[in-house]
Structure formats: structure tokens, C-alpha cells
Amino acid sequence: MMRIKYFTGLSTCVAAAGLLLTACTTDAKPTKLSVQEAETIIQESVEQKGNSSAITGKLSEMTPEDVWEETGHQLFKDSGSLETYVVADGKAAVLGTGFGGSGVTSVVPYDVNGDGARDLVYAYSYGSGVHRSVMSWMDLQTLTEHPVTSKADGEEFRMYDLILQNEDDSILVYQISTKQNREAVTKALMSYPASKDIKSMSLIKDGVLVKAQDELYYEATGGD
């Protein structure tokens, strides 16, 4: 009888441990939204701000793997306006602007303000007549956008597109050369460049983003 009670108690403990492990596993990551679900959230968010329409073309998901893994947020791009939206927890916000340019061309997750949660650091291009590329970061806890400014005096935008890469806990900034494969590069930027697209690009080191006082600043390093 003692042996039966022992194994019964052991089975109960194992079952309880299994339930605890399952609970910890299932709470780790949210379920991804479909494009249709994201579009509904985006439209509702835009209407709450007093605008009548948001999506003007086909909405496509462009979430980089590291962004999803580290933030649980998804990114979607409108093929019509080239606006990029970040969506999670029933909320949506616009990253930068795409008017007259390529919209968001590069995104990396990075804790800018030191709150222990990853933010989004991104480059985007816009401009009718004059092509402008700028960098910003968004606090995902408040969905507020902050500009990346330069440590040195001068223009805050560039007339070439940018790729950001997180290397050794620093964000490096690369200029995309269009001297070769210009058509392929432009096509990739209009949607969002995948890893294979970036590998085929000619990248020129442009600078590094430096964190100071819970903000990001650009420092030129010169081409390598």
C-alpha cells in the first residue's frame, strides 16, 4: 500500500510539473496576426486619429525575424503609399513616412532607453523631388517616434538609402551603392530587402549609432 501511495504522489507531482512547464512555454510568445487582421487594426487606428483611409494598395508583412523574436511586434508595408506600420496588442503606428521615397528600408531591435524592452531603430526614405533618407527609433511601450540626430553639425538626412546592422551590440549604418544592379536594389527597397537582397548589395560603411542619455546619435566613421 505504501508503494502505491508513493507512485500516486509521484505521478501527481510530475503532472503538476508538466502543467507548469506548459504554461511557461505557451506564455512565451503571442500568435502572429494575419494580413487581414493587421489591416483591420491599422484602419481602426487611423480612424481614431480622424483620418478616413489608411491602406491605399496591397498590404504585405515584412517583419524581420529578429524583430519578431525580440519584440513580438509585426511590420506591414502598404504597396500603394509605401507606409510601414508596426502592429501588436490591437494597436498600430506608422514608422517614418514613405511619401515619394522607398519608405522603411531597414529595421533592427535595440533597447535605446534602457527600460529592458527592445525598441525599433529604423531607416526610411521619402521626398518628392529630393530623395531624403533619415533614421529614427520607436519606443514600443508608448509607440512614440524619436529622431536620430547627428553629433556633428550638418544635414540630418542623406540622399542615398541606408541599411542598419546590429553588430557587437552597436548599430552600424551602411550606404547602399546603386552603381550596380540599380533596378534590383530599387525593387527590393520598395518592398523591404530580404537577407539575400542585402547580401547582393554593395554596402559602404557610413557611420555608427551611439546611445547617450536614452537617445541615439549618429557619428560618421567614413567608408571602409
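Points to keep in mind about this one:
Per-residue answers, yes or no, for (1) within 30 Å of residue 58 (Cα to Cα); (2) in a loop (DSSP other than H, G, I, E, B); (3) at pLDDT below 95; (4) within 19 Å of the chain's Cα centre (by Cα):
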{"site": "145", "(1), (2), (3), (4)": "yes, no, no, yes"}
{"site": "171", "(1), (2), (3), (4)": "no, no, no, yes"}
{"site": "174", "(1), (2), (3), (4)": "yes, no, no, yes"}
{"site": "183", "(1), (2), (3), (4)": "yes, no, yes, no"}
{"site": "206", "(1), (2), (3), (4)": "no, no, yes, no"}
{"site": "211", "(1), (2), (3), (4)": "no, no, yes, yes"}
{"site": "219", "(1), (2), (3), (4)": "no, no, yes, no"}
{"site": "222", "(1), (2), (3), (4)": "no, yes, yes, no"}
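- Residue in region 67-80 that is outside any strand (DSSP E or B), closer than 14 Å to residue 190 by Cβ and without any contact (Cβ under 8 Å) to a residue 60 or more places away in the chain present: yes
- Checked against the criterion of being at pLDDT 95 or above and either touching a strand residue (DSSP E or B) at 6+ places or on another chain (Cβ under 7 Å) or closer than 30 Å to residue 58 by Cβ (or both), region 128-135 has at least one qualifying residue.
- Boolean, residue 188 is in a helix (DSSP H, G or I), open to solvent by 40 Å² or more (accessible area, probe 1.4 Å) and small (Gly, Ala, Ser): no
- Scanning region 117-142 for residues that are over 18 Å from residue 185 (Cβ atoms) and open to solvent by 50 Å² or more (accessible area, probe 1.4 Å) yields 118, 128, 129, 130, 141, 142.
- Among the candidates 171, 163, 204, the residue that is open to solvent by 60 Å² or more (accessible area, probe 1.4 Å) and touching a strand residue (DSSP E or B) at 6+ places or on another chain (Cβ under 9 Å) is uniquely 204.
- Residue that is surrounded by the fewest Cβ atoms within 10 Å (Cβ to Cβ) [pool: residues in region 91-116 that are touching a residue at least 40 places away in the same chain (Cβ under 8 Å) and not in a strand (DSSP E or B)]: 114
The values are calculated or read from the model by the stated rules, or taken from the named source; none is laboratory data. Here the structure is a predicted model, which means the values were calculated and not measured. Quick reminder, even Gly has a Cβ in these numbers, built from the backbone with ideal geometry, and neighbours come from all protein chains shown. Protein only, heavy atoms only, side chains kept; ligands, DNA and RNA dropped before computing areas. Shrake-Rupley method; radii C 1.70, N 1.55, O 1.52, S 1.80 Å.
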